[in-house]
Amino acid sequence: MGSHTGRTSALVLRVVAECPVSKARACELSLPHGPVHTPVFMPVGTQGTLKGITVDQLEALGCEICLGNTYHLGMRPGPELIKKANGLHGFMNWKRNLLTDSGGFQMVSLIELSEVTEEGVKFRSPYDGKEILLTPEESINIQNALGSDIMMQLDDVVSSTISGPRVEEAMHRSIRWLDRCIKANKNPERQNLFAIIQGGLNPELRKKCLEEMTKRDVPGFAIGGLSGGEEKDHFWKMVTLSTDDLPRDKPRYLMGVGYATDLVVCVALGCDMFDCVFPTRTARFGTALVPWGSLQLRHKQFAKDFQPIDPDCECATCKRYSRAFIHAIFKTNTAAMHHITIHNIAYQLTLMRSVRQSIVEKRFPDFVRSFMSRMYSGKGGYPEWAVEALASVNIALE
């Protein structure tokens, strides 16, 4: 397993700048479909498309990497069809990088449809009720067919609110499954397999998992099994404990995190990559993300408001449309959701670019303070967990 010698990985990570105060860092990832500048937020496209937005628009927003969902794409249209289209890049006509998840998360989200054994996860298809076995080998098989730049191992996922022996069992099984995934990967020189650190909210289990997985020479590591409804106090401690021991020369991907405050805090704790359906999903309910929180554009107060969503935002929506217009068409026209989706993705990507710039320019702690004060002004103070988490990396808010 050992060092990098004798093995070519399709991923190179260069640390561009490190914050002298906190654990924040700015990196450049070289991947087969171009560079990715971190810290990065990756929008989620479940079926090989982001809901309510085209790949051209995503490209115009400067997105360098987005997500595809192995479980859903493996079900339909199926790996054979996508392989014929030159993989997922060709199928969705996306020229930049793609990360595919392993299908494992659906064990939690579709729990009533699944059971786990050492061999893999048995699913009942939500589409036609047929029983399917997703093994580590099959997960990699599908991802090899999809041709993503970053593939995730199949891990044994338990909800972050569960404790007890099941968490330990899942952690050890995830290590065994990682070995099976590494073995099954047919394109290690083109497709980068990331390990997923599990262990629930138990520091000992997390450390043990990390110790074992970092012995494997994989191109990157994800922190998994969090942001599933656990207390924020536990959440940030598990994140920081993981980044403390992850190798400096590999990317660190915190799975499922997308709220602006969480992104900024977790960059301070040393994470490089994030993903979440939140900005696109919340857009479909009429919620626009702004530096001071969010706007519920369905609400009557916006009916005569001719400002853009965010006067400082450069996105196509803010340049062209008012809050009043989006409010007026929201109930009858899906274009409204589409406009808000574009704005929300722009918001996330711009936020991460500003974070990155502040790290490069060695002013990250000041960036964090002004971000937090704008986000929480008039809201009766900062969330306690964020104050503690930032204090742990020498950024004082008060």
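The values are calculated or read from the model by the stated rules, or taken from the named source; none is laboratory data. Keep in mind the model is a prediction, meaning the values are calculated, not measured. Here the Cβ positions follow ideal geometry from the backbone for every residue, glycine too, while neighbour counts run over all protein chains shown. In case anyone asks, the SASA skips ligands and DNA or RNA and just uses the protein heavy atoms, side chains included. Shrake-Rupley method; radii C 1.70, N 1.55, O 1.52, S 1.80 Å.
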Study note, to complete from the structure: Counting only residues in segment 323-333 that are hydrophobic (A, V, I, L, M, F, W, C) and under 27 Å from G62 (Cα atoms), the one most open to solvent (accessible area, probe 1.4 Å) is identified as F325
Point to revise | Filter result for the condition that a residue is more than 26 Å from F285 (Cβ to Cβ), open to solvent by 40 Å² or more (accessible area, probe 1.4 Å), aliphatic (A, V, I, L, M) and in a helix (DSSP H, G or I), over L88, L81 | key: L81
**Study point:** Count of residues meeting criterion [closer than 17 Å to E314 by Cβ, open to solvent by less than 20 Å² (accessible area, probe 1.4 Å) and not hydrophobic (A, V, I, L, M, F, W, C)] in segment 343-375
**Key:** 3
Revision key, fill the gap. Over segment 108-138, the set of residues at pLDDT below 80, among the charged types (D, E, K, R) and under 21 Å from T161 (Cα atoms) is E112
Review point. Open to solvent by 60 Å² or more (accessible area, probe 1.4 Å), touching a residue at least 24 places away in the same chain (Cβ under 8 Å) and outside any helix (DSSP H, G or I): does that describe R190?
Key: yes
**Study point:** Residue check for A336: in contact (Cβ under 8 Å) with a residue 12 or more places away in the chain, under 29 Å from C66 (Cβ atoms) and surrounded by 13 or more Cβ atoms within 10 Å (Cβ to Cβ)
**Key:** yes
Revision key, fill the gap. Subset of segment 257-310, residues in contact with a Ser or Thr (Cβ under 7 Å, 6 or more places away or on another chain), farther than 16 Å from A336 by Cβ and of a type in the set (V, I, T), comes to V257
Practice item. Return the total of residues in segment 123-154 being within 25 Å of the chain's Cα centre (by Cα) and open to solvent by 60 Å² or more (accessible area, probe 1.4 Å). Key: 4
**Study point:** Close pairs from segment 364-381: first closer than 14 Å to W292 by Cα, partner part of a loop (DSSP other than H, G, I, E, B) and among the aliphatic types (A, V, I, L, M), Cβ under 7 Å, at least 6 apart
**Key:** V368/I395; R369/L397; M372/L397
Point to revise | Residue count for segment 120-160, restricted to those that are out of contact with any helix residue (DSSP H, G or I) (no Cβ under 7 Å at 6 or more places or on another chain), over 23 Å from A195 (Cβ atoms) and of a type outside the set (D, E, K, R) | key: 2
Check your understanding: In the set E384, E361, E398, which member is farther than 15 Å from V264 by Cβ and touching a Lys or Arg at 6+ places or on another chain (Cβ under 9 Å)?
Key -> E384
Revision key, fill the gap. Screening K250, K215 for residues that are open to solvent by less than 20 Å² (accessible area, probe 1.4 Å) and at negative phi leaves only K250
Check your understanding: Within segment 223-272, how many residues are small (G, A, S), under 12 Å from the mean Cα position of the chain (by Cα) and not in a loop (DSSP other than H, G, I, E, B)?
Key -> 0
Exercise for review: Kindly indicate whether D245 is surrounded by fewer than 23 Cβ atoms within 10 Å (Cβ to Cβ) and without any contact (Cβ under 8 Å) to a residue 40 or more places away in the chain.
Suggested key: yes
Point to revise | Filtered residue count, segment 155-172, keeping only those that are modelled with pLDDT of 95 or more and open to solvent by less than 20 Å² (accessible area, probe 1.4 Å) | key: 1
Check your understanding: Could you count how many residues in segment 173-187 are over 18 Å from E119 (Cβ atoms), charged (D, E, K, R) and buried (at least 16 other Cβ atoms within 10 Å of the Cβ)?
Key -> 0
Practice item. Just name the residue that is most open to solvent (accessible area, probe 1.4 Å) out of those in segment 273-322 that are of a type in the set (D, E) and part of a loop (DSSP other than H, G, I, E, B). Key: E314
